[in-house]
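Structure first, then comments.
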Amino acid sequence: MSIRVLLVDDQALLRTGFRMVLAAQPDMEVVAEASDGVEALEVLRSTKVDVVLMDVRMPKLDGVETTRRVCQGPNPPKVLILTTFDLDEYAFSGLKAGASGFMLKDVPPEELLAAIRSVHSGDAVVAPSTTRRLLDRFAPMLPNAGGQPQHKELERLTAREREVMILVAQGLSNGEIAARLVLSEATVKTHVGRILTKLDLRDRVQVVVLAYETGLVRAGGNS
């Protein structure tokens, strides 16, 4: 079945461009468009959507608040945040609100398509380098940043799982973590899965957010 996509952006020309790229894919279908968050929420009440491409800066209701409302609903679609600036201050808030990814609007088409497929399959699509830059800048603004870990559920983790969580929060991929800890990628994937289950987190983006919020990892990547 095709991946059903909702385009949410206040610039009609950008929506047209995204629609043309997606329409050329045999496994994707743009089922609706919206020019702001209010319209997007109205569309979602009557239209089945798998992935929402969500602009951040829009009139009436911005992408962050729209994402939060979308992700609070039953069986919500995946949300992929699109922004113009690499270190847009809204991007981190969007991820906290429940978005499964963060990408730039000028990303090459093949990367955007891969991101949509990854988000649809349940993965997060924040590049490690972007994760590091984004969180290094905004982690000091988070509660408990710079303090000791305050999340009691972190105590559920084994020493190895905590070690893996720190490396995930520093932006390392599974392959990089495997090389760092001299483990197989399959083992690292298992550890990440256990972390998600024990902490009741949706994906590795939420792992990163929690690690910074609790002070497990601090700005600059220090643990």
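Which whole-number percent is the relative contact order of region 3-121 (Cα, under 8 Å, 6+ apart)? Numbers along the way, then the final one.
On the way: 218 pairs, mean separation 27.4, N = 119.
It rounds to 23 percent for region 3-121.
Go through region 191-196 residue by residue and turn each phi into a ³J(HN,Hα) via Karplus (6.51, -1.76, 1.60, θ = phi - 60°); whole Hz please, and just put x for glycine and proline.
4, 4, x, 5, 4, 4
With the cut-off at 21 Å, tell me which of the pairs LYS78/LYS105; LYS48/LYS198; LYS96/LYS152; LYS152/LYS198 have Cα atoms farther apart than that. Numbers along the way, then the final one.
On the way: LYS78/LYS105 17 Å; LYS48/LYS198 31 Å; LYS96/LYS152 19 Å; LYS152/LYS198 11 Å.
Beyond 21 Å: LYS48/LYS198.
Values in this text are rule-based calculations from the coordinates and carry no lab data. In this text the structure is predicted, and so the values were computed from the model without any measurement.
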